[in-house]
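Data first, discussion second: the structure below is written as structure tokens.
The values are calculated or read from the model by the stated rules, or taken from the named source; none is laboratory data. It should be emphasised that the depicted structure is a prediction, and the values quoted were computed from it without experimental measurement. No Cβ is skipped: glycine too gets one built from the backbone with ideal geometry, and neighbour counts run over all protein chains shown.
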Amino acid sequence: MGSYPFSVHAIRELFPALRQQVYGKQLIYFDNGATSQKPQVVLDTLKQYYALENANIHRGVHYLSQQATTAYEQARRTIQNYIGAKSPDEIIFTKGTTDAINLVAFSFGELLKAGDEILITAMEHHSNIVPWQLLCERKGCLLKVAPISKKGELDLEALNTLLNERTKLVAITHISNTLGTINPVEQIIQKAHQIGAKVLLDGAQSIQHLQIDVKQLDCDFYCFSGHKVFGPTGIGVLYGKEEILEKMPPYQGGGDMIAKVTFERTTYNTLPLKFEAGTPHIAGAIGLGSAIEFLNGLDMAAVAAHEHELTKYAQGILDTFEGLHIIGEAKNKTSVVSFTIDDMHPFDLGTLLDKQGIAVRTGHHCTQPLMDFFEIPGTVRASFAFYNTKQEIDTFVAALERSMQILGA
């Protein structure tokens, strides 16, 4: 495929969903933290697979199966190269970030024992809290939580104090889905490795905004969801260092993850298939490969700069609103502006914005402990992608002012 110069207006033409109207208004899509829109090339890839290449993969001798297998494994290599993994064997296809974290919690968790500790942070998504709680209940491990400041920044001193010889895993979000905070993960990984702990990065909110190199980061696990990076739903990726994945037992049993089955015992397949039981989401993997190829055609440094400028612009305007409180004011943040307004419920604001054609997310964003920390029921969250514009932010601000007037009245 071709390479696209970074022109936001040219990019927007590649996303059919952005051309539609809702309630007679031009759609402004500021809910990218929940899911992203899809470029035409990804839609075409999915149609191509189902129309002409639909077959089950691996072991099939017929033409369609070989075509589908080739496309599926090529997608794996595309993702491997995009995130800088050493081998395609380190790329495990999952249902998404949540599934990937659960895989690690169950499988790596089997290597842990009572008294071992898992360290997370106060800004984690529920998907990076609950699997570890289940592990602790199952194995007698302890879950520790590193605190944050009211600005939404990690307390690194407290985190370092919590790290000790019993810490076996640090599981941390790379970018907070609620606050937009970019955590200093390189520093955390280095500290964790010094005491022998492994590190899992929740990349659900970072893969689409930052250039990721897992070898440079030196993380032990990195996971992300296809639908947040302009690909299909129901597909995700777990990257794991090969030497760690080799030691981990299978997460699920069934087809493709086996080498030989008898009623007495089963021998397991090699990586990555050891962790891919059953017929996978073939179309999803191929579609995700197409989305990553699309990103390969962009200048990601220019993308990051544009998204940073959008965030700064929106936050600068909203800061002037009387009674409006931005939740998450870290120095290093991107693409998310969460806020509350005195005496106005986020749901009511979101509903009125929707009627004006603007899609935002309201609620606790699957970070209820974080909401408890800020002593709020939820926020309005505007989350941006590279196809958003300052003009859209201006329209959003005007719509917010109208909504405040209605609710104030």
Kindly indicate which of Leu156, Leu135, Leu210 is buried (at least 22 other Cβ atoms within 10 Å of the Cβ) and not charged (D, E, K, R). Leu135
Just one of Lys144, Lys150, Lys86 is within 20 Å of His193 (Cβ to Cβ) and either in a loop (DSSP other than H, G, I, E, B) or free of Cβ contacts under 8 Å to residues at least 24 places away in the same chain (or both); which is it? Lys86
So which residues in region 350-376 are of a type in the set (D, E, K, R) and within 16 Å of Ile406 (Cα to Cα), if there are any at all? Asp354, Lys355
Pair list, Cβ under 9 Å, 6 or more apart: region 99-124 residue in the same structural domain as Thr173 (by TED's automatic domain parsing) and in contact (Cβ under 8 Å) with a residue 40 or more places away in the chain, other residue buried (at least 19 other Cβ atoms within 10 Å of the Cβ) and acidic (Asp, Glu): Ala100/Asp202; Ile101/Asp202; Phe108/Asp220; Glu124/Asp202
Take the conditions surrounded by fewer than 19 Cβ atoms within 10 Å (Cβ to Cβ), over 16 Å from the mean Cα position of the chain (by Cα) and part of a helix (DSSP H, G or I) and apply them to Gln187. Does it pass? yes
Members of region 248-278 found to be among the charged types (D, E, K, R) and either out of contact with any Phe, Trp or Tyr (no Cβ under 9 Å at 6 or more places or on another chain) or loosely packed, with under 12 Cβ neighbours inside 10 Å (or both), listed by number: Asp256, Lys260, Glu264, Arg265
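Could you tell me whether Ala285 is assigned to a helix (DSSP H, G or I) and under 30 Å from Ile393 (Cα atoms)? Explain how you work it out, then say what you get.
Numbers: assigned to a helix (DSSP H, G or I): yes; under 30 Å from Ile393 (Cα atoms): no.
It is false that Ala285 is assigned to a helix (DSSP H, G or I) and under 30 Å from Ile393 (Cα atoms).
What number of residues within region 231-260 satisfy the criterion of being without any contact (Cβ under 8 Å) to a residue 60 or more places away in the chain and within 21 Å of Ile79 (Cα to Cα)? Quick ask: steps written out before the conclusion?
Going through region 231-260, the residues without any contact (Cβ under 8 Å) to a residue 60 or more places away in the chain turn out to be 243, 246, 252-255, 257-260.
Filter again for within 21 Å of Ile79 (Cα to Cα), leaving 243, 246, 257.
The number of residues fulfilling the criteria is 3.
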Does Ile317 satisfy the criteria of being surrounded by 21 or more Cβ atoms within 10 Å (Cβ to Cβ) and either at positive phi or hydrophobic (A, V, I, L, M, F, W, C) (or both)? no
Residues being of a type in the set (D, E, K, R), surrounded by 14 or more Cβ atoms within 10 Å (Cβ to Cβ) and not in a loop (DSSP other than H, G, I, E, B) - total across region 4-39: 3
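Considering Ile244, Ile286, which residue is crowded, with 23+ Cβ neighbours inside 10 Å, under 19 Å from Asp99 (Cα atoms) and among the β-branched types (Val, Ile, Thr)?
Numbers: Ile244 fails: crowded, with 23+ Cβ neighbours inside 10 Å.
After ruling out the rest, the residue left standing is Ile286.
What residue, of Phe339, Phe347, is among the aromatic types (Phe, Trp, Tyr), at pLDDT 95 or above and assigned to a helix (DSSP H, G or I)? Quick ask: steps written out before the conclusion?
Working: Phe339 fails: assigned to a helix (DSSP H, G or I).
It is Phe347.
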Only one of these conditions is not met by Met1: (1) more than 18 Å from the chain's Cα centre (by Cα); (2) outside the structural domain of Lys168 (by TED's automatic domain parsing); (3) modelled with pLDDT of 95 or more. Which number is it? (3)
On the given criteria, is Leu162 at pLDDT 95 or above, touching a Lys or Arg at 6+ places or on another chain (Cβ under 6 Å) and surrounded by fewer than 23 Cβ atoms within 10 Å (Cβ to Cβ)? yes
Checklist (1) among the charged types (D, E, K, R); (2) surrounded by fewer than 18 Cβ atoms within 10 Å (Cβ to Cβ); (3) within 19 Å of His209 (Cα to Cα) applied to Lys333, failing item: (2)
Which of the residues that make up region 375-406 are within 13 Å of Thr311 (Cα to Cα) and part of a strand (DSSP E or B)? Arg381, Ala382, Ser383
On the given criteria, is Gly323 of a type outside the set (A, V, I, L, M), touching a residue at least 12 places away in the same chain (Cβ under 8 Å) and either within 21 Å of Ile175 (Cβ to Cβ) or assigned by TED's automatic domain parsing to the domain that holds Ser149 (or both)? no
Of Tyr239, Tyr222, the only residue that is within 19 Å of Ile182 (Cα to Cα), assigned to a strand (DSSP E or B) and in contact with a Gly (Cβ under 9 Å, 6 or more places away or on another chain) is Tyr222
Quick check on this structure: which one of Lys260, Lys215 is among the basic types (Lys, Arg) and either at pLDDT 95 or above or in a helix (DSSP H, G or I) (or both)? Lys215
